Structure formats: C-alpha cells, structure tokens
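Derivation of every value follows stated rules applied to the coordinates shown; laboratory data play no part. Everything quoted here is computed from the prediction, not taken from an experiment. Neighbour counts are summed over all protein chains in view; Cβ atoms, including those assigned to glycine, are modelled from backbone coordinates with ideal geometry.
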Amino acid sequence: MEDVTASEQLQLLYIRNPWGPGPGEWNGRFCDEDEAWDDQLKLREKLNYQFKNDGNWWMDYKDWRANYNKDYVCKIFPSTWS
C-alpha cells in the first residue's frame, strides 16, 4: 500500500492484490478507466499509471475507509536473510 496526497481533498492509496489480477480489483472511483482520472491527468502522468488488469489499483482513501476495516501487510525478505 502506498499513499499519495494530491491535494487536501484527494488522498489516494495504491493497493496491490497479492493474488494478482482477477475479479478482485477495485471497480469504484479511480479504478482503471474511471472518469475520475480525466480530472487528474497530471497526477496520472506523475504516477505513470497504466490501466491494466494486473491486481494493482489506486483508490481514494475515503473509499478505502468505507469498504475495508483492516489490512494485512506482508514483508518479503530476500533469500539471503536469516
């Protein structure tokens, strides 16, 4: 999960589904191909965001709070770690 604040009114989270692409991608505001991106073209360019079904998406923080009550964080360690 990555947090980007574009303005005081807009705070986006970058979400990665560890199971990859599929029907689990967000389909609300700021999902791939959503019209909200038309109002934020400079932000989309700055983020270098490409629309594709890859299990990753941007989501407004307010939507995240309304739809989720917890998140799980997984740290992937290099194979040399012991």
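Are there any chymotrypsin sites (Phe, Trp or Tyr not before Pro) in the range 8-40 that are in a DSSP loop and have at most 11 other Cβ atoms within 10 Å? List them by number. If you can, show how the numbers build up before the last one.
On the way: sites: Y14, W19, W26, F30, W37; in loops: W19, W26, F30.
Filter output for the range 8-40: W19.
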Give me, ordered by chain and number, the residues 5 or more places off N56 or on other chains with an amide H under 5 Å from its own placed amide H. N17
Tabulate in residue order the Karplus-calculated ³J(HN,Hα) for the range 70-75, using 6.51 cos²θ - 1.76 cosθ + 1.60 with θ = phi - 60°, rounded to whole Hz; enter x for Gly and Pro. 6, 9, 10, 10, 10, 9
Quick one: if you stick a label point 7 Å off each Cα along the C-beta vector at W19 and A36, how many nm between them? 2.3 nm
Could you tell me the relative contact order of the chain? Use alpha-carbon pairs under 8 Å, at least six residues apart, and round to a whole percent. 34 percent
Calc'd 3J(HN,Hα), the range 28-40, phi into Karplus 6.51 cos²θ - 1.76 cosθ + 1.60 (θ = phi - 60°), Hz, glycine/Pro = x, comes to x, 4, 6, 6, 4, 6, 6, 5, 4, 5, 5, 7, 10
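Which peptide among 64-70, 40-46 comes first, and what is the full order, when sorted by highest mean count of other Cβ atoms within 10 Å? Write down the numbers at each step before the final one.
Numbers: 64-70: 9.7, 40-46: 12.7.
Per-residue Cβ counts within 10 Å, averaged per peptide and sorted highest first, yield 40-46, 64-70.
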Pop out the ³J(HN,Hα) list for the range 41-50 in order, Karplus 6.51 cos²θ - 1.76 cosθ + 1.60 with θ = phi - 60°, rounded to Hz; leave Gly and Pro as x. 4, 5, 5, 4, 5, 4, 7, 6, 7, 10
